[in-house]
Amino acid sequence: MLLSLFHDGEAYGRAISRDFTVSLDGVQRQLDRFERSGAIVCKRQGRTLVYAWNPKFRVAARLRDLIGVIYDGLGNEVKEALFPARRQPRAKDKPVIR
């Protein structure tokens, strides 16, 4: 779940549950726990709750750094398997790295 947040910068519950093929209820409970701890913040976009790292919480920065180390240790094949759907448009003239 935190890997998905690190990968996309912000995420919502249904996308995380779809990416990791876990129940939406479990994902929402974990996101709620992380929000109550202060590590992530939630904002509403229409009817969707979007979660992002809390920039005001110092422990969140350390946690994000730790998740970054884990994320960087994953191979490209694993990253493509975990995050198959692109959620942000590719920048114009940006090369595709495979």
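FYI, it's all coordinate maths here, none of it is from the lab. Since this is a predicted model, take the numbers as computed values, not measurements. No Cβ is skipped: glycine too gets one built from the backbone with ideal geometry, and neighbour counts run over all protein chains shown.
From the backbone phi of the stretch 76-82, what are the Karplus-calculated ³J(HN,Hα) couplings (6.51 cos²θ - 1.76 cosθ + 1.60, θ = phi - 60°) in whole Hz, Gly and Pro given as x?
4, 5, 5, 4, 5, 6, 6
Summing -39500 (n - 2.57) over the DSSP H runs of n ≥ 4 in the chain and dividing by its residue number, what mean residue ellipticity at 222 nm do you reach, to the nearest 500 deg cm²/dmol?
-16000 deg cm²/dmol
Scan around Asn54 for amide H atoms under 5 Å from its own, H built in the peptide plane at 1.01 Å from N, and keep only partners 5 or more places away or cross-chain.
Close amide H contacts, sequence-distant or interchain: Ile40, Val41.
Quick one: grab the alpha carbon gyration tensor of the stretch 2-82, order the square roots of its eigenvalues as a ≥ b ≥ c, and give me rounded if a/c is under 1.5, else prolate or oblate depending on whether a/b is larger than b/c.
Verdict is oblate for the stretch 2-82.
For the stretch 2-82, give the magnitude of the charge dipole about the Cα centre (Cβ charges: +1 Lys/Arg, -1 Asp/Glu; no others), in debye to the nearest 20.
Roughly 480 debye, rounded to the nearest 20.
At a 10 Å Cβ-Cβ cut-off, how would you order Ile40, Ile67, fewest neighbours first?
Ile67, Ile40
How would Tyr51, Tyr12 line up from fewest to most surrounding beta-carbon atoms within 10 angstrom?
Tyr12, Tyr51
Quick one: work out the % antiparallel among DSSP beta bridges in the chain, nearest 5.
Beta bridges within the chain, antiparallel portion: roughly 100 percent.
Within 10 Å of each residue's Cβ, count the other Cβ atoms and sort Val27, Val50 from fewest upward.
Taking fewest neighbouring Cβ atoms as first place, the list is Val50, Val27.
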